[in-house]
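Presented below is the structure to which this report refers.
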Amino acid sequence: MKNNSVFFLLLIILPIPGVFCQETQNDWMIFIHIESGLMYPNSKIRKSIPIRQNVSSYIVDQVSYGEISSETNGYLFGVRYGYFNDKFRAGISSGLRYTNFNTEIKGYSSYGTDFYYLRYSMVGSDTKFARVRTISETNNFISVPVELRYVPIQFEKIGFYVKAGAEFSYFNIQSKTDIDFREESMEEYQDEILNNITAPTNRFYSTLYGSFGIVYGKEGRPKVMFDFSVPSRFLGKNNFALTKADYFQAFTLSLQIPISPIK
């Protein structure tokens, strides 16, 4: 149902510039946007991962502490084709975007150590733990973003804009998880352990986001755009095998290159 809604929205939105330009063809311009950026999901370690310690911190004795933490970050690169209307100071664009996410769970069991404990077997009263330096995950997505942009304030060379967008993807072109054990002898158990601790991921990756930004450059020439996203949402669940994340923030730098007015 979500997929059908997205495609239906595209069918409605994409012909809009062609309709308006029949009467205001001198107001429309065609642009290519080349973008890159950083993404920061607010991820938390899944409770199902059997780390011995509490995921925040725990007391080993009266003096030393152990700590487990997770970090998920990503970067993106994309190319979008867009229309912008000078009269209404608004535009729409769409294209292709590559996004890479990396997750790492790291920590230590007590002062001076470089590992923590992960339970990999529990049969009756016999419980076995592996000493782990890090557990990592990589995901790579190809998605289709659709963005709407409005510039309420425009001076000669600088403007301020707000933007709303959504992206959707069926392509997780590479998903990989890995454990860095302290003892090499544990490597042979890696696949078995990962199958037990990782959650199945959602193949359909989608987000809904908003941002505000600054655009610099003269009309009719290439412009540089830099925007900051407000806390934005992952629409799908289970995007990552090791962590849970519902929201993210992003910083994006893009180059807007004019092609020609719509004829």
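A few comments on the model shown:
- The range 85-126, subset within 20 Å of SER229 (Cβ to Cβ) and among the hydrophobic types (A, V, I, L, M, F, W, C), residue surrounded by the most Cβ atoms within 10 Å (Cβ to Cβ): PHE101
- Residue, farthest from GLU188 (Cα to Cα), within the range 106-152, restricted to residues that are at pLDDT 90 or above and of a type in the set (A, V, I, L, M, F, W, C): VAL151
- Whichever residue in the range 178-188 is at pLDDT 90 or above and either hydroxyl-bearing (Ser, Thr, Tyr) or in contact with an Asp or Glu (Cβ under 9 Å, 6 or more places away or on another chain) (or both) and, among such residues, is nearest to HIS33 (Cα to Cα): ASP178
- Those residues of the range 154-195 which are among the basic types (Lys, Arg), surrounded by fewer than 16 Cβ atoms within 10 Å (Cβ to Cβ) and touching a residue at least 60 places away in the same chain (Cβ under 8 Å), in sequence order: LYS157, ARG182
- For beta carbons closer than 8 Å, sequence separation of 6+ or different chains, a first residue in the range 228-254 that is touching a residue at least 12 places away in the same chain (Cβ under 8 Å) and a second that is assigned to a loop (DSSP other than H, G, I, E, B) and β-branched (Val, Ile, Thr), the qualifying pairs are ASN238/THR201; ASN239/THR201; PHE240/THR201; ALA241/THR198; ALA241/THR201; LEU242/ILE49; LEU242/THR198; GLN249/VAL230.
- VAL132 touching a residue at least 24 places away in the same chain (Cβ under 8 Å), over 23 Å from ILE45 (Cα atoms) and in contact with a strand residue (DSSP E or B) (Cβ under 7 Å, 6 or more places away or on another chain): no
The values are calculated or read from the model by the stated rules, or taken from the named source; none is laboratory data. Since we're looking at a predicted model, the values are computed, not measured. Neighbour counts run over all protein chains shown; Cβ positions are idealised from the backbone, glycine included.
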